[in-house]
Each structure stands twice: as structure tokens, then as C-alpha cells.
Amino acid sequence: MFPKSFQKLIDHFASLPSVGPKMAERLVLHLWKYDQEKLDDFSQDLQGLKRNIHFCSQCFNISENGLCAICADKKREQNTICVVEEPLDIIALEKTRRMRGLYHVLGGTINAPDDKNNPLKINELITRLKSGNIEEVIIATNPTTEGEATALYLARLVRPLNIKITRLARGLPTGGDIEYADEATLSGAIEGRREL
């Protein structure tokens, strides 16, 4: 139905997460309508993605230089590290403007505490904790089974270093109704309650 080169682009877009065949068709058609200069700029940025973007040498966030903008910022609290699963988690936490410390990106979660073959940046985290003046580690893994297993495993590794370990609170979303909340969400809300 489409020319081969057009279909090949559709196939590339359709292979991306959350992009189905119809959305891929729309995206390629939209790009096809771009003027050539804008399309060349887009193409150049896409080609440079793997060449120009790397992992931060300290926290494993995405970066154009050796250190990401957060690690390079000396105004950040240097004694707090927030451990996240992926770089996108940093973006979400930064939008709150409440996290003033540093980050450490694990690169995923573990499936079980005895998983010896994981490519996660756990050893790098422990090395970082041992070499710095870190006072608090905030574990900000997702509240999934894997995220919880990872949080427990990390807490077990960090505890002997005499560093304060905290976990993001869980509970009811702002604007939510208690009657519609599931049991796990309500349990987290009760456990994470605080004084007014």
C-alpha cells in the first residue's frame, strides 16, 4: 500500500514502546509533510543520539558530558542520594522541585534479592556511598513487586554503612477518593502517614 521506504519508516516507529501501527503511520505522514530543513535537523539530532548522549560517570543519568547537569551542580545537597530505576524517574522527581540532593540510576530492578547476574549499578552505588560523606539514601524505586524487592535488597546493603535510609511514601493521590482506592494504596497511606 505504501512505498517501501515509507513502510520501512512506519515499521521503525511501530517498534517503539507505546506506538502502534496506526500511530506510526500518522507520525511518518506528519514527518513527510515537514519542510526539508526541519526534517534534516530532526534527522541530524536522531543520528547524534547515541554519539552525543552518554551516561553520567557518577550517577548514570543521561548526559552530554562526563557529569550530568545535576552532578555538576555544586549547589545541590552533596550528602543525599536518591536512588531511582531509570533516568525518566529523575525528570519526574525534579519537576517537584523538592529533591535537592543527588541521584543514582540503577538501570532497572532486580527480580530477586539473590539475582547475581544483574547489570544494575548497585556495586557503583555502594562504592559511591563508601567514598563520600553521604548522610541519607532515599530509595525511590517504583511500588511494584520488583521495585519493592530492589528497595529491600538495597536497604540490606546500605544498613551496615550507618547511613540513614528512607523510602518514598506511598498512599492516596491528591484529589482521590478513599472509597475508590485499592487495599495496597490504602495500606501505604496508613503506613506513610505524618503528623499535621
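State whether the residues of segment 56-78 include one that is hydrophobic (A, V, I, L, M, F, W, C) and part of a strand (DSSP E or B). Checked segment 56-78: at least one residue is hydrophobic (A, V, I, L, M, F, W, C) and part of a strand (DSSP E or B).
Exactly one residue out of L172, L129 is surrounded by 15 or more Cβ atoms within 10 Å (Cβ to Cβ) and more than 20 Å from the chain's Cα centre (by Cα), and it is L172.
Would you please name the residue that is surrounded by the most Cβ atoms within 10 Å (Cβ to Cβ), looking only at residues in segment 59-83 that are of a type outside the set (A, V, I, L, M, F, W, C) and touching a residue at least 40 places away in the same chain (Cβ under 8 Å)?
Result: N61.
Between A151, A189, A181, A140, the distinction of being without any contact (Cβ under 8 Å) to a residue 24 or more places away in the chain, surrounded by 11 or more Cβ atoms within 10 Å (Cβ to Cβ) and touching a strand residue (DSSP E or B) at 6+ places or on another chain (Cβ under 7 Å) belongs to A151 only. Here's a check for you: in segment 43-59, which residue that is of a type in the set (A, V, I, L, M, F, W, C) and touching a helix residue (DSSP H, G or I) at 6+ places or on another chain (Cβ under 7 Å) is nearest to G108 (Cα to Cα)? Checked segment 43-59; the qualifying residue nearest to G108 (Cα to Cα) is C59.
Among strands (runs of 3 or more DSSP E) entirely within segment 96-196, having at least 3 residues that are in contact with an Asp or Glu (Cβ under 8 Å, 6 or more places away or on another chain) and closer than 15 Å to V83 by Cα singles out 102-105, 164-167.
Every read-out reported here was derived from the displayed coordinates using simple, explicitly stated rules and does not represent laboratory data. No experiment lies behind these values; they were computed from the predicted model shown. Neighbour counts run over all protein chains shown; Cβ positions are idealised from the backbone, glycine included.
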